[in-house]
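Colleague: Got a structure for you, written out below as C-alpha cells; questions coming shortly.
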Amino acid sequence: MTNLKDQLLLSLSERESEMLDFLRRLIQAPTPNPPGNTTAAMNLVSQFLSERGIPYEIVEPNKGMPNLIAEFSGGEGEGPRLVLNGHLDVFPVGDLTQWSHDPWAAIQADDCIFGRGACDMKSGTTALLFAFAELHAVREHLRGSLVLTVVSDEETFGPWGARYLVEHRKEVLGDCLLSGEPTSPYALRFGEKGRLWIKIRVRTPGAHGAYVHMSRNPIAIAADLIARLQSLEEIRSPADTPLTATLQRNAATIDKAYGPGASAIISSTTLNVGAIKGGVKINMVPSDCEFEVDIRTPPDVPHAEVMERLRTIVSAFPEAEVEVLDQDAASTSPPDHPMVRALIQNAMHVSDVEPKPIIALGGCDARLWRYAGIPAFVYGPSPTGMGTADELVRVDEFLHVAKTHTLAAFDYLSK
C-alpha cells in the first residue's frame, strides 16, 4: 500500500468519532418517504461540505426534495469520472410500539446505532460523504474526476431524485458509479433483480350475504387466482450462463447477506401479494376485490415472458382485469470490473474481509446508471432491520465501509 493510502486510512481512523457523530445527527433529522422531505438532512450535508471549502450545487425540482451535486478534478491529468451516490430519504417507521429505541434518536448501544435509515442508507451516504472529503484533500494526486450525488426520493422509486439527475444532468453519469446501499461487508452487488408491480381487480354483481347463488364472490376468485399465480415462480434464469454460475458459486455469501434461503430465489421469479382489499360488511357478497402483486424478475428473464404467462393465468377468470402499475428491468454490470477488484482488495486490507460479487434481491438507484450503460456497484453495511422495526447499523461495519469506499475510489482514480 502506498504511503498516501496509509495516510488516508490513518486520517479516517482519526475521524471515527466524527463520522459516528455525523451519522447520528443525520438519522436524527427525520426523512420518511412519504412524504419525503429531506431538507433538514440535506442542510447537514451541505454544511459539512461548506466547512471544508468544497463547492456544491443544490438541484430541487420538487420543493422539499433537494438533491446535491459536488465534484472536483484530480491534478494528475485525464482519467475516469467516478460517481458516488447516496440517498437521504428513508422508509416510514411504522408501528412505534415495535421499536426498542426511538427510531429518530440514533441511540448508540451494543456497538450499534439504532434508528430509521441507520443501514438504509444514511450510514452508506455518510461513508461516501467522508470518502469524497478525504479524496478532495489529496486531489492533486488523482486522475480524472470525482462526483458526489446525494439525492432524495429513492424509497418510492420517485421521479425527483437520482432519476431526475440522470435525465436532466447528464454529467452525473460518469464512467462508473459506487453506491453505499446496504449489502453486508461480505457481499458487493454488481446487479439487481427486476421489478414488476401489478394490480388485479375482480368484479362481480354482488349480492346479499344469504343469496350466494346470485353472484360469485370476488374475494374467493382472487384467492384462487393468487394461488395459481404462484406458478410464475417457476420462471428462472437460464442455468447455463456465466451469471448463474457466479451466483451459484457465491450462494453462501448470498444467504449470509440476505438471510438463509436467499440463494434459492436469487435466480428465480418471486411473487408477493403486498395489499388486498374487498368487501363492505360480513352479510354482503362483495362486488369488488383488488390486490397488488410485487413480482421480482432475475436477469435474463424478460418482463414480456412473465406478463405472457400472467395474462394466460388471468384469462381463465373473466371477472378479473390486469393493470401494470410500474416496472424496472433487471440490470447487471461486469462482475470483473476494476471497481469490483478495488473493493475486494481494499476490504481485505481494511478488515480482512473478502466480499463476493452478487446481485440484489431488491432495487436501488444504481440501476439508473446501468440503464444508461454505466457500470454501477454497491457496497454497504448489512441490511439489519431495513424496512422494519429496530433498524440498525453495526459501528464496525459502518467504519469498514467508509474506509473501503475511500481506498477503492483512490485506487480507481490513481491507475
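The values are calculated or read from the model by the stated rules, or taken from the named source; none is laboratory data. Only a predicted model underlies this, so the values are computations on that prediction, with no experimental measurement involved. Glycine also receives a Cβ, built like all others from the backbone with ideal geometry; neighbour counts cover every protein chain displayed. All accessible areas refer to the heavy atoms of the entire protein, side chains included, with ligands and DNA or RNA removed. Shrake-Rupley method; radii C 1.70, N 1.55, O 1.52, S 1.80 Å.
Colleague: Can you list the HN-Hα couplings for segment 10-19, worked out from phi with the Karplus curve (6.51, -1.76, 1.60; θ = phi - 60°), rounded to whole Hz and with x for Gly and Pro?
Modeller: Coupling constants for segment 10-19: 5, 4, 5, 4, 6, 9, 4, 4, 5, 5 Hz.
Colleague: Can you run phi through the Karplus equation (6.51, -1.76, 1.60; θ = phi - 60°) for segment 104-113 and list ³J(HN,Hα) in whole Hz, with x for Gly and Pro?
Modeller: So the J values, rounded to whole Hz, are 10, 8, 6, 5, 9, 8, 6, 6, 9, 10.
Colleague: State the percentage of accessible surface on the chain attributable to carbon and sulfur atoms; use a 1.4 Å probe and exclude ligands, DNA and RNA.
Modeller: On the chain, the fraction of accessible area on carbon and sulfur atoms equals 51 percent.
Colleague: Kindly report the accessible area of segment 287-361 per residue (heavy atoms of protein chains, probe 1.4 Å, no ligands, DNA or RNA), in Å².
Modeller: Using a 1.4 Å probe on heavy atoms only, each residue of segment 287-361 averages 45 Å².
Colleague: Enter the angle in degrees (range 0 to 90, nearest 10) between the Cα long axis of helix 395-412 and the first principal axis of the Cα atoms of the chain, meaning the one along which they spread out most.
Modeller: Orientation of helix 395-412: about 70 degrees from the principal axis.
Colleague: Another question about this same structure. Considering amide H positions built from the backbone, and no H for Pro or chain starts, which residues 5 or more places from Val285, or on another chain, come under 5 Å of its amide H?
Modeller: Ala207, His208, Gly209
Colleague: How high is the relative contact order of segment 116-192, in percent, counting Cα pairs under 8 Å that sit 6 or more residues apart?
Modeller: Relative CO of segment 116-192 lands at 40 percent.
Colleague: May I ask which of Lys122/Lys199; Lys256/Lys415; Lys122/Lys277; Lys170/Lys199; Lys193/Lys415; Lys122/Lys356 have a Cα-Cα span longer than 27 Å here?
Modeller: Lys122/Lys199; Lys256/Lys415; Lys122/Lys277; Lys170/Lys199; Lys193/Lys415
Colleague: Can you tell me which of 162-170, 365-373, 96-104 comes out highest on packing, and rank the rest after it, using the mean Cβ neighbours within 10 Å?
Modeller: Packing order, densest peptide first, comes out as 365-373, 162-170, 96-104.
Colleague: Okay, next question. Could you point to the label whose value was computed as Rg/Rh (Cα atoms, Kirkwood Rh) for the structure here, given [x] 0.98; [y] 0.96; [z] 1.02?
Modeller: [z]
Colleague: Hey, what's segment 52-97 come to in accessible area per residue, 1.4 Å probe, Å²?
Modeller: So segment 52-97 comes to 46 Å² accessible per residue, rounded to a whole number.
Colleague: For Gly74, what residues show an amide H to amide H distance below 5 Å, using hydrogens built from the backbone and excluding near sequence neighbours?
Modeller: Result for Gly74 returns Gly144, Ser145, Leu146.
Colleague: Taking only protein heavy atoms and a 1.4 Å probe, what accessible area per residue, in Å², does segment 179-271 have with all protein chains in place?
Modeller: Roughly 44 Å² per residue, with all protein chains present.
Colleague: From Cα pairs below 8 angstrom and at least 6 apart in sequence, can you work out the relative contact order of the chain, rounded to a whole percent?
Modeller: Here the relative contact order equals 25 percent.
Colleague: In deg cm²/dmol and to the nearest 500, what is the mean residue ellipticity at 222 nm of the chain if only DSSP H runs of at least 4 residues count, each as -39500 (n - 2.57), divided by the residue total?
Modeller: For the chain, the value works out to -10000 deg cm²/dmol.
Colleague: Compare Gly117, Gly180, Gly274 in a GNM of the chain, Cα atoms joined below 10 Å, and give the one with the largest fluctuation.
Modeller: Gly274
Colleague: Mind ordering 403-411, 152-160 by average Cβ neighbours within 10 Å, highest first?
Modeller: 403-411, 152-160
Colleague: Could you run the Karplus curve 6.51 cos²θ - 1.76 cosθ + 1.60 with θ = phi - 60° over segment 244-251 and give me ³J(HN,Hα) per residue in whole Hz, x for Gly and Pro?
Modeller: 4, 4, 4, 5, 5, 5, 9, 4
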